[in-house]
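All remarks here apply to the structure that follows.
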Amino acid sequence: RKSQPLFHPPTLTTHINMADAIFKQIADGLADPANKDKAKKINGVFAWSIGGKDYFIDMKKDLTAGSGKPAGKADVTLTMAEKDFLDLMSGKAQGQTLFMSGKVKFKGNMGMVMKLQQVQQLLK
């Protein structure tokens, strides 16, 4: 007779919010002294609404990133679905293409939107 295993893995999977993981990576990148000058050159505050959840990247004062709203006023606010955000940050999609197709909306400083590629470099 075969013995039964003592442990049965759960059948439900744990949902991991990938946007949370990316903002954690960005926060870690901002905390790296090697990135301080790059971040200060961007000199802006980004607010994001991704799938209905708020995030921020502050490269003006505190050099921080995370969930919630920024401490001060955002220079630009971007709204998009999580899938589109993941595609943007992984390089699978270009910001201009997402904007032109209506998948990303922004309010505020267009110049900050143009600096998103520099934000992506903090993930590497």
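Given their separation in residues at 0.36 nm each and the Cα-Cα distance between them, Gln25 and Lys83 gain 19.2 nm when the chain is fully extended. Length gained on full extension, Lys105 to Lys40, computed as 0.36 nm times the residue gap minus the Cα-Cα distance: 20.9 nm. Running a GNM on the chain with Cα contacts under 10 Å, which residue among Thr79, Thr97, Thr64 ends up with the highest mean-square fluctuation? Sorting by GNM fluctuation, first place goes to Thr97. Directionally averaged projected area (the chain, Cα convex hull): 10.8 nm².
Between helix 18-31 and the chain there is an angle of about 60 degrees, using the helix long axis and the longest principal axis of the Cα atoms. With 19 Å as the limit, the listed pairs Lys73/Lys107; Lys92/Lys115; Lys24/Lys105 have Lys24/Lys105 beyond it between alpha carbons.
No value in this document is a laboratory result; all are computed from the given coordinates. Since this is a predicted model, take the numbers as computed values, not measurements.
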